[in-house]
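Structure first, commentary second.
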Number of protein chains: 2
Amino acid sequence: MDREQVGGWLATAVAEARAGLAEGGVPVGAALYGPDGTLLGKGRNRRVQDGDPTLHAETAAFRAAGRRRTYAGTTMVTTLSPCWYCSGLVRQFGIPRVVIGEAATFHGAHDWLAGHGVEVVVLDDPECVALMRGFIEANPVLWQEDIGIDAEGDDGP
Amino acid sequence: MDREQVGGWLATAVAEARAGLAEGGVPVGAALYGPDGTLLGKGRNRRVQDGDPTLHAETAAFRAAGRRRTYAGTTMVTTLSPCWYCSGLVRQFGIPRVVIGEAATFHGAHDWLAGHGVEVVVLDDPECVALMRGFIEANPVLWQEDIGIDAEGDDGP
């Protein structure tokens, strides 16, 4: 993997995350790149913006890439460690590589993916960490909703 | 679980699957039910209809149920064994029960869910089997695309 190329790929995902934050949404962004480095699709979490709980950043990027016969050689780039839902997507569709901005604020299922042959790269990117840390502090209930943590007793949305 | 109630729930999912078949789509349907038996959302695979590869039947039903703070006590009913993607959804959001029409034509990740504490009921429903068997025979390439089987050499969509 080319370090400069990966930096550019992460920048695409971070731009999506920042746009999501500006919209009042969950600031996670993602992009799906083809074997030759072509951007196939990008997107961001749209729970708040569209009222759609199925659109995590990774699924939004996957959707934007449209119908495809194969995901051979593709790379899913995401600002945050993918949850079980998004990791299940990666496994089912045979996406062979996942590049992750950070896994410090949320540790999803990327170890599971690595254990099933997916190449996983965690970048420990300070900008990604800062984005999520600020968001979670300001919006703990929304964040819990987005990852399915049942926080009974809090006010519903 | 009440046998009559479960039969009614499956009928909702089968109606979705049949509607999908009539639209030229992948005939899998699903419905999410609340703890008291209220229908929260239903849907069908929309790969063909919307050109959207993220909408399997289970994710379509989950989307239709809108934003929720908790999935405690809910049941996901689906005509077909859920793939890794849809099983990841169930695990991430803590859906405690999955009712499956059949797992004969496609064996997804329901054993994995059962191993992680999800109550899994497989009904071996002949109508669900017949629906999928006929569809797969008539549309093997479309079916492979829907579950991410890379069938290189075939004509792409």
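The values are calculated or read from the model by the stated rules, or taken from the named source; none is laboratory data. Just so you know, these numbers come straight off a predicted model, no measurement behind them. Ideal geometry is used to build each Cβ from the backbone, glycine not excepted, and the neighbour counts take in all protein chains shown. Protein only, heavy atoms only, side chains kept; ligands, DNA and RNA dropped before computing areas. Shrake-Rupley method; radii C 1.70, N 1.55, O 1.52, S 1.80 Å.
One residue of chain A places its C-beta nearer than any other to the axis carrying A onto B; that residue and its whole-Å distance are A:Gly88, 1. The apolar share of the surface of the protein assembly as shown, taken as the fraction of accessible area on carbon and sulfur atoms (1.4 Å probe, ligands and nucleic acids excluded), comes to 48 percent. Farthest towards the positive end of the charge dipole of chain B, among the residues B:Gln144, B:Trp84, B:His116, is the Cα of B:His116, using unit charges on the Cβ of Lys, Arg, Asp and Glu. All other residues with a Cβ under 9 Å from the Cβ of A:Gly29 taken together, and with Lys, Arg as +1 and Asp, Glu as -1, what is their net charge? Around A:Gly29, the surrounding residues sum to +2.
Which percent of the Cα-Cα distances in the protein assembly as shown go past 37 Å? When every Cα pair of the protein assembly as shown is considered, 12 percent fall beyond 37 Å. Sorted from nearest, the other copies put their B:Asp124 label points 5.3 nm away, the label point being 7 Å from Cα in the direction of Cβ.
Taking amide hydrogens as placed 1.01 Å from N in the peptide plane, the amide H of A:Gly94 sits under 5 Å from that of no residue at least 5 positions away in sequence or on another chain. Using the rule -39500 (n - 2.57) for each DSSP H run of four or more residues, divided by the residues of chain A, the 222 nm mean residue ellipticity is -12500 deg cm²/dmol.
The accessible area of B:Cys83, taken with all protein chains in place and a 1.4 Å probe, comes to roughly 10 Å². The A:Asp124 and B:Ala64 beta-carbon pair, evaluated with R₀ = 30 Å, returns a calculated FRET efficiency of approximately 0.20.
Chains B and A together bury roughly 3400 Å² of accessible area, counting both sides, with a 1.4 Å probe on protein heavy atoms only.
Based on DSSP H assignment, which helices of chain A show an axial Cα extent of at least 15 Å together with a mean Kyte-Doolittle hydropathy greater than or equal to 0.0?
TM-like helix candidates: A:3-22, A:126-138.
Taken along its three principal axes, the alpha carbon spread of chain B comes to 47, 28, 28 Å, from the longest extent down to the shortest.
Using the 7 Å Cα-to-Cβ label point, sort the distances from A:Ala104 to its equivalents in the other copies shortest first and give them in nm to one decimal. Output for A:Ala104: 5.4 nm, nearest copy listed first. Rounded to the nearest 20, the size of the Cβ-charge dipole of chain A about its Cα centre is 800 debye, with Lys and Arg at +1 and Asp and Glu at -1. Note on B:Met1: accessible area is roughly 110 Å² with a 1.4 Å probe, heavy atoms of protein only. Per residue of peptide A:63-71, the mean number of Cβ atoms on other chains within 10 Å of the residue Cβ is 6.
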